[in-house]
Amino acid sequence: MKQHHFDWPDSGVGLTAGVDEVGRGPLCGPVVAAAVILDPARPIAGLNDSKKLTVRQREALFEVICDQALAWSLGRAEVAEIDQLNILHATMLAMQRAVAGLSVLPDLAYIDGNRCPKLPCRAEAVVKGDSKVPEIAAASIIAKVTRDREMVVVDRQWPGYGIAGHKGYPTAAHMAALKRLGPTPIHRRSFKPVRLLLGD
């Protein structure tokens, strides 16, 4: 596996966390965020934006990150919270929960994207951060593997929608199954394709 080059300068502020989320776009399931503080003494080879890695690479790196990071934590917002707050606010909430769950508070948190949740430490937004900042890349892997595994379990609870394959994203197969079977309790009622089917 070719080593991805991160050109992000050292922040020089002490402990740095990376924060990323998965699941803003799907029509069902939670949004899952992760916060990771890497150990400078144990660099992890092969880190990259989770979307640029194969399933096998992500799974392998997930184990290495969990084992070698100084601290890591997951946060989530459930479907009811997404429908109540809207996806942006639910995403910020999931990120706050991920950082709050860290066993040690970082001095700085790099957030993937263009806005930061309110955190108990300094925060900086980094657009396309998962390919620039190793801590964000690590967080993207933890969040994606966690959510993907969960969606495989959900697929067994709600068969017929193909959730294990598309992970809840609005693919043609998912849209067809929604029309045929109707929404499940884990579908986001505030999302337009689901709302239209419900006739709200």
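FYI, it's all coordinate maths here, none of it is from the lab. Here the structure is a predicted model, which is why all the values come from computation and not from measurement. Counting neighbours? That spans all protein chains shown, and the Cβs are built from the backbone with ideal geometry, glycine included.
Please find, in a Gaussian network model of the chain (springs between Cα atoms separated by less than 10 Å), the residue of 12, 23, 75 whose mean-square fluctuation is greatest.
Taking springs between Cα atoms under 10 Å, the residue moving most is 12.
Give me 192, 144 sorted ascending by neighbouring Cβ count inside 10 Å, so fewest comes first.
Lowest count first: 192, 144.
Kirkwood hydrodynamic radius, the stretch 72-130, all distinct C-alpha pairs: what's the number in Å?
In the stretch 72-130 this quantity evaluates to 11.8 Å.
Hey, what's the per residue convex hull volume over the C-alpha atoms of the stretch 66-172, in cubic angstrom?
Enclosed volume per residue, from the Cα hull, is 131 Å³.
Once whole DSSP H runs in the chain are found, which of them have Cα atoms spread over 18 Å or more along the helix axis and a mean Kyte-Doolittle score of at least 0.0?
87-100, 134-157
Express in whole angstrom the spacing between the alpha-carbon centres of the stretch 127-153 and the stretch 1-73.
The stretch 127-153 and the stretch 1-73 have Cα centres separated by 6 Å.
Looking at this model, which pairs from 144/192; 128/167; 118/179; 132/167 are more than 30 angstrom apart at the alpha-carbon?
Flagged as over cut-off: 118/179.
What are the semi-axes of the equivalent ellipsoid for the chain, taken as the square roots of 5 times the Cα gyration tensor eigenvalues, largest first, in whole Å?
Ellipsoid semi-axes (Å, largest first): 31, 18, 13.
How do 73, 103, 190, 50 rank when sorted from fewest to most other Cβ atoms within 10 Å of their own Cβ?
103, 190, 73, 50
Of 166, 4, how do they rank once you tally other Cβ atoms within 10 Å and put the fewest first?
4, 166
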